[in-house]
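Contents: one structure, followed by commentary.
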Amino acid sequence: MSIEEINNKEFRQFVEQGRMDFTTCKFTTDIDFSDLPFKKGDYLFNLSEFKGNINISKLFKSETSFVFANALFKGKIKISQSHFKDINFNNSTFENEVCLEGDLFFKKLSGYGAHFKNVLTFSNSILGGDISFSGTELDCGMDCYSVRFDGFFLIENSQFRNDVDVDFTDCVFNKDFTWHSITVEKAKLLFTNAIFLGNSTRFWNINLKHVNNFMEFSGVRFLGSHLSINHLDGSVLLNYVSFTGNIIVSSCDINKWSIRSTNISTIHFMNCNFNEGKSNRIILYRENKPDKGGDIIKHFKGMEELYRQLKISFVSNSSIEFVGKAYFSEMEMKRRVLNLQNKYSWEWIVHQIYYYVGGYTVDYSKPLGILLFLVFIGWPFINIWIINDFSPIHENAWSLFKFLESVKIEYLLGGIDALPFLKIGSSFNNEVPKYLLKVEILINTIVLAFFILGVRRRYK
């Protein structure tokens, strides 16, 4: 079966004559769709090959659809300032640039299984219809600067194979937005200053494979009713971002997220990694990466606020263990600020005690270690010293032999007697001044309270 070859002049004549089926044709020259009298219905270009450029501009046919399924485009495609029903590029291959610009109104634009080998550009446009790409391969980036999407926008099960950025800077998405099961080899995904207004915005199963890849949401406003980020594997810049509605972030490595000047207290985190490991606190990416030449005190104050917001998020979601870890990090940032700003002040001293003795009521190991030391070493030693008239330093009394010779088992058990609510009746009570016993009981009570609070916060 011979393949019908058509040039631009012949194509225009065929359309004027009412022909609508151009399946398996080979278009040998540039093809211009402009100002042609297309009828209501579907114009078929399935399995066709276009050797030259295609221009679709100023075409206002709201009941006309174009089907380019399994087509091969070797030249550039430009679609601008037009109004049509649908356009179908399913399973087609594009070897050159594809550009959509100006005001375009349609019901649906689809590219299921399409393969883009060059640049895909939506620039300074209003796209007034639904856009769907599924199973799409892009050996190029997407340049979508300053576009208004009035329909839903869907990309799923697709791959970006090149190192050219995918740029949606200053875009507005007025309806639902979904990116699902996307693999990105080397490109950066940029949504700087974008606005999402749809009921549902979803980023699911995004795999940023290269170590230098990242997804940037700087200045983004998520103003829809629901935002879901799930299994986003890679680095994320969340800077100066605004949220409204219900926000869920699940199964993400937050340790790879750089968060700055963004209120995260309303986010519901589920099954996320916060780099806490076996430690008592969370350590976010930016904590140990202050801006070069920046104000280090301002940096730690910003991190203190960030951990406070994270704590509020965990409180609202009843994640008690993570509440404690976020609080520990919040207090640690405050302690670092005091070390730089008000060292040796009363506030600094109290904070040091709160950390080293109380473990911020989160790390129960600190008060437990101090309590065991006081009960079995500290208080017995002090009691022996006082019973020996505050001066055991005569001749060689401080030698190990002399010291052990002066120790009585009752003195060692006296440390236990200084615990609140626990008395074993040590005879040291008759020899040590009562004020000392009260001081020991008071200090033990404080340390024990820190220990109980730490255990309660960790295991509640």
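Read the figures in this text as sums done on the coordinates, not as results from a lab. Remember, predicted model here, so these are calculated numbers, not experimental data. So basically every Cβ, Gly included, is an ideal-geometry build from the backbone, and we count neighbours across all protein chains shown.
If we count other beta carbons within 10 Å of each Cβ, what is the order of ILE443, ILE320, ILE259, fewest first?
ILE320, ILE443, ILE259
Counting only helical runs of four or more DSSP H residues, what would the 222 nm mean residue ellipticity of the chain come to if each run contributes -39,500 (n - 2.57) and the total is spread over all its residues?
It comes out at -8500 deg cm²/dmol, rounded to the nearest 500.
Please order TRP204, TRP257 by the number of other Cβ within 10 Å, starting at the fewest.
Numbers: TRP204 17, TRP257 24.
Sorted ascending by nearby Cβ count, the order is TRP204, TRP257.
Can you give the charge dipole size of segment 148-293 about its Cα centre, rounded to the nearest 20 debye, using +1 on the beta carbon of Lys and Arg and -1 on the beta carbon of Asp and Glu?
Dipole magnitude for segment 148-293 comes out near 340 debye.
Per the Kirkwood formula on distinct C-alpha pairs, the Rh of the chain is how many angstrom?
Result for the chain stands at 27.4 Å.
Angle between the Cα long axis of helix 320-341 and the longest principal axis of the chain, 0 to 90 degrees, nearest 10?
80
Given segment 305-358, report the % of alpha carbon pairs whose separation exceeds 18 Å.
Value for segment 305-358: 39 percent of Cα pairs lie more than 18 Å apart.
Where Lys and Arg each count +1 and Asp and Glu each count -1, what net charge lies around ASP130 among other residues with Cβ under 13 Å from its Cβ?
Here the count lands on +1.
Could you work out the relative contact order of the chain, using alpha carbon pairs under 8 angstrom and six or more residues apart, expressed as a whole percent?
6
Could you please rank VAL350, VAL357, VAL166, placing first whichever residue has the fewest other Cβ atoms within 10 Å of its Cβ? Intermediate values should be presented prior to the final figure.
Values: VAL350 11, VAL357 15, VAL166 23.
Taking fewest neighbouring Cβ atoms as first place, the list is VAL350, VAL357, VAL166.
Quick one: which of 269-275, 448-454 comes out on top by average Cβ neighbours within 10 Å, and what's the full order, highest first?
The peptides rank, most packed first, as 448-454, 269-275.
Please report the equivalent ellipsoid semi-axes of segment 83-131, computed as sqrt(5 x eigenvalue) of the Cα gyration tensor, largest first, in whole Å. Walk me through the numbers on the way to the answer.
Working: eigenvalues 69, 41, 9 Å².
Ellipsoid half-lengths, sorted descending, are 19, 14, 7 Å.
Filter the cross-link list LYS311/LYS366; LYS51/LYS107; LYS26/LYS76; LYS9/LYS74 down to pairs whose alpha-carbon distance in this structure exceeds 24 Å.
In this structure, LYS51/LYS107 lie more than 24 Å apart at Cα.
Compute the angle between helix 434-459 and the longest alpha-carbon principal axis of the chain, please, reported from 0 to 90 degrees and rounded to the nearest 10.
It is inclined by approximately 20 degrees.
Taking N as the number of residues in segment 10-96, what is its alpha-carbon radius of gyration divided by 2.2 N^0.38 Å? Can you show the working numbers first?
Working: Rg = 11.7 Å, N = 87, 2.2 N^0.38 = 12.0 Å.
Relative to the 2.2 N^0.38 Å estimate, segment 10-96 comes out at 0.98.
Highest mean first, what order results for 24-33, 89-98 on Cβ atoms within 10 Å? Write out the running numbers ahead of the final one.
Values: 24-33: 18.4, 89-98: 20.7.
Per-residue Cβ counts within 10 Å, averaged per peptide and sorted highest first, yield 89-98, 24-33.
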